[in-house]
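Peer 1: Handing you a structure now.
The values are calculated or read from the model by the stated rules, or taken from the named source; none is laboratory data. Predicted model, so just to flag it, every value in this text is computed and none were measured. Note: ideal-geometry Cβ built from the backbone for every residue, glycine included; neighbour counts use all protein chains shown.
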Amino acid sequence: MASRERKRADRRKRKRRSGEREAAPVAVGASPASETFEEKMARRTEERNAEARAKLEPLAQGERPTAVTVGAIVSAILALAITIQGGLSVVGVDAAGATTRPAPLLLFAAVLWVMAWGMWRARYWAVLGFQTLLLLMLLASALGLVLVSTILQAVGTTLLLIGSGTLFYFMIRAMARIQMPQRPGDGPIA
């Protein structure tokens, strides 16, 4: 019985202390000792973000990160394959006995061509779009692992999952470098 009362008293003390912390506003420039837990975590996170930003080097004029170059090549290969498939469906060649509509294929191929061009030029919007496509591939291949029926399908789906995940991971840092506010030699930002 005594332990139950002691636990209850401890809860009341903690509740009182947390109420006192919420009631006392933290002044700007206050010492870290008077910060709440949320403020301390926000400050630490911002410090880590500032350190990471300081370590990044902006892209030199005409420089393109390796991950973005690989993404541009992958996008161009996919665009070429889908363009050929769309072109064959326009002239009436059926793929595996099934008729395909060429308009969606050619539209998707056009988007991939624009994305490949944008990544070759190291444009942020193109890298972001390609990362969205990679994310959809990650989700589709992860869900596809549930439905595989042969070992070959499992190996292919796993390789697609690993490859797209790896490329996605390496493109994150490349995106940060691309979106840096100023490149050397560009002059001041207007």
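Peer 1: Scan region 70-83 and tell me whether some residue there is modelled with pLDDT under 80 and either in a helix (DSSP H, G or I) or under 23 Å from the mean Cα position of the chain (by Cα) (or both). Show your work before the answer.
Peer 2: Kept after step one, since they are modelled with pLDDT under 80, are these residues of region 70-83: none.
No, region 70-83 contains no residue that is modelled with pLDDT under 80 and either in a helix (DSSP H, G or I) or under 23 Å from the mean Cα position of the chain (by Cα) (or both).
Peer 1: Now, a different point. Return the total of residues in region 119-146 being free of Cβ contacts under 8 Å to residues at least 12 places away in the same chain and within 17 Å of the chain's Cα centre (by Cα).
Peer 2: 5
Yes or no, residue by residue, for (1) of a type in the set (Gly, Ala, Ser); (2) surrounded by fewer than 17 Cβ atoms within 10 Å (Cβ to Cβ); (3) not in a helix (DSSP H, G or I):
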position: SER89; (1), (2), (3): yes, no, no
position: LEU105; (1), (2), (3): no, no, no
position: MET119; (1), (2), (3): no, no, no
position: GLY129; (1), (2), (3): yes, no, no
position: SER141; (1), (2), (3): yes, no, no
position: LEU152; (1), (2), (3): no, yes, no
position: LEU161; (1), (2), (3): no, no, no
position: LEU167; (1), (2), (3): no, no, no
position: MET171; (1), (2), (3): no, no, no
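Peer 1: I would also like to ask the following. Taking region 31-63 only, how many residues are of a type in the set (Gly, Ala, Ser) and more than 30 Å from TRP120 (Cβ to Cβ)?
Peer 2: Residues of region 31-63 of a type in the set (Gly, Ala, Ser): 31, 33-34, 42, 50, 52, 54, 60, 62.
Subset that is more than 30 Å from TRP120 (Cβ to Cβ): 31, 33-34, 42, 50.
Counting residues in region 31-63 that are of a type in the set (Gly, Ala, Ser) and more than 30 Å from TRP120 (Cβ to Cβ) gives 5.
Peer 1: Answer yes or no: is there a residue in region 39-61 that is modelled with pLDDT of 75 or more and either under 18 Å from GLY129 (Cβ atoms) or touching a Ser or Thr at 6+ places or on another chain (Cβ under 9 Å) (or both).
Peer 2: Within region 39-61, none of the residues are modelled with pLDDT of 75 or more and either under 18 Å from GLY129 (Cβ atoms) or touching a Ser or Thr at 6+ places or on another chain (Cβ under 9 Å) (or both).
Peer 1: Taking the criterion of being farther than 20 Å from PHE168 by Cβ and among the charged types (D, E, K, R), would at least one residue in region 64-71 satisfy it? Write out each step before concluding.
Peer 2: Taking region 64-71 and keeping what is farther than 20 Å from PHE168 by Cβ, we get none.
Looking for residues that are farther than 20 Å from PHE168 by Cβ and among the charged types (D, E, K, R), one finds none in region 64-71, hence no.
Peer 1: Turning to a different aspect of this structure: Checking the conditions here, which among VAL93, VAL26 is part of a loop (DSSP other than H, G, I, E, B), modelled with pLDDT under 85 and surrounded by 12 or more Cβ atoms within 10 Å (Cβ to Cβ)?
Peer 2: VAL26
Peer 1: Condition first: under 13 Å from the mean Cα position of the chain (by Cα) and either modelled with pLDDT under 90 or farther than 20 Å from ILE73 by Cβ (or both). Now tell me which residues in region 147-183 satisfy that. Before the answer, list the steps.
Peer 2: Of region 147-183, the ones under 13 Å from the mean Cα position of the chain (by Cα) are 164-176.
Within region 147-183, ILE172, ARG173, ALA174, MET175, ALA176 meet the criteria.
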